[in-house]
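Colleague: Starting off with a structure, shown below.
The values are calculated or read from the model by the stated rules, or taken from the named source; none is laboratory data. The model shown is predicted, which means the values in this text are computed figures rather than measured ones. Quick reminder, even Gly has a Cβ in these numbers, built from the backbone with ideal geometry, and neighbours come from all protein chains shown. The area values use the complete protein model at the heavy-atom level, side chains included, leaving out ligands, DNA and RNA. Shrake-Rupley method; radii C 1.70, N 1.55, O 1.52, S 1.80 Å.
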Amino acid sequence: MPGETCQAKPEAIFEVISNIVNLCIDGDLIERQREHQTYHPEYAPIDNDVEACLASIGLKHTKIGNVQKIRRGTRIRAGAQIGNHCIINARVHIFEAAEVGDYALLDHGCGVGPFSVIERGATLLPGSAVGDNCIIGEGAEVNYDLSIGDSGCVKPFHIATHSADNNQAYSTFSK
């Protein structure tokens, strides 16, 4: 009836809120993928030595999509967002609130700094590092052992590589 108030028990409200929070930040997807792996041994998307911090930073929760694979030694920090169909190879570090788009490839030993964005289909080759607040455009590629400095940017569908003049600098070439 209009004008009436609903008197819900505090326990019921707490249970509803708990369920919503658990859906956002628990490791349910990781567990479901591991269960699926027991019935389909050829499907092994997430290795056992993957560390994912499932906390949140502000309103940004850690989200791991339906990944193709995440290999051993990978560390995913609070608030990171991992898209669908990503391939994340061994010893990759994804820091706080970083975003990795769908179909991205992060190869062995890569690092993605806090608040950086790796857009859809981008590739980080072995040993490359992306600093804080960087944007790697859609379909872009960061070459071997290259560091993109803080607030750096690689244009979509370009290749970031070492400059001939200075090993610390980088330039972009169209694919």
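Colleague: Please enumerate the residues belonging to segment 82-98 that are open to solvent by less than 40 Å² (accessible area, probe 1.4 Å), of a type in the set (A, V, I, L, M, F, W, C), in a loop (DSSP other than H, G, I, E, B) and in contact with a strand residue (DSSP E or B) (Cβ under 8 Å, 6 or more places away or on another chain).
Modeller: Listed by number, the residues that qualify are Cys86, Val92, Ala97, Ala98.
Colleague: Would a scan of segment 137-159 turn up a residue that is assigned to a loop (DSSP other than H, G, I, E, B), aliphatic (A, V, I, L, M), farther than 22 Å from Lys60 by Cα and at pLDDT below 90? Reasoning before the result, please.
Modeller: Initial filter on segment 137-159 (assigned to a loop (DSSP other than H, G, I, E, B)): 137-140, 143-146, 149-152, 155-157.
Within this subset, residues satisfying the condition of being aliphatic (A, V, I, L, M) are 140, 146.
Restricting the remaining residues to those that are farther than 22 Å from Lys60 by Cα gives 140, 146.
Narrowing the set further to residues that are at pLDDT below 90 leaves 146.
Among the residues of segment 137-159, at least one is assigned to a loop (DSSP other than H, G, I, E, B), aliphatic (A, V, I, L, M), farther than 22 Å from Lys60 by Cα and at pLDDT below 90, which makes the answer yes.
Colleague: Thr123 - would you say it is modelled with pLDDT under 90, open to solvent by 20 Å² or more (accessible area, probe 1.4 Å) and more than 23 Å from Lys60 (Cβ to Cβ)?
Modeller: Numbers: modelled with pLDDT under 90: no; open to solvent by 20 Å² or more (accessible area, probe 1.4 Å): yes; more than 23 Å from Lys60 (Cβ to Cβ): yes.
Taking the combined requirement at face value, the residue does not satisfy it.
Colleague: Moving on. Checking the conditions here, which among Gly79, Gly109, Gly73 is crowded, with 23+ Cβ neighbours inside 10 Å and part of a loop (DSSP other than H, G, I, E, B)?
Modeller: On the way: Gly109 fails: crowded, with 23+ Cβ neighbours inside 10 Å; Gly73 fails: crowded, with 23+ Cβ neighbours inside 10 Å.
Just one listed residue meets the conditions, Gly79.
Colleague: Could you give every pair whose Cβ atoms fall below 6 Å, whose first residue belongs to segment 94-121 and is closer than 14 Å to Val154 by Cα, and whose second residue is part of a strand (DSSP E or B) and charged (D, E, K, R), counting only separations of at least 6 or pairs across chains?
Modeller: Every condition considered, the pairs that remain are Val117/Glu99.
Colleague: In segment 126-146, what residues are hydroxyl-bearing (Ser, Thr, Tyr) and surrounded by fewer than 19 Cβ atoms within 10 Å (Cβ to Cβ)? Quick ask: steps written out before the conclusion?
Modeller: Within segment 126-146, the first condition is being hydroxyl-bearing (Ser, Thr, Tyr), and the residues that meet it are 128, 144.
Answer for segment 126-146, where residues must be hydroxyl-bearing (Ser, Thr, Tyr) and surrounded by fewer than 19 Cβ atoms within 10 Å (Cβ to Cβ): just Tyr144.
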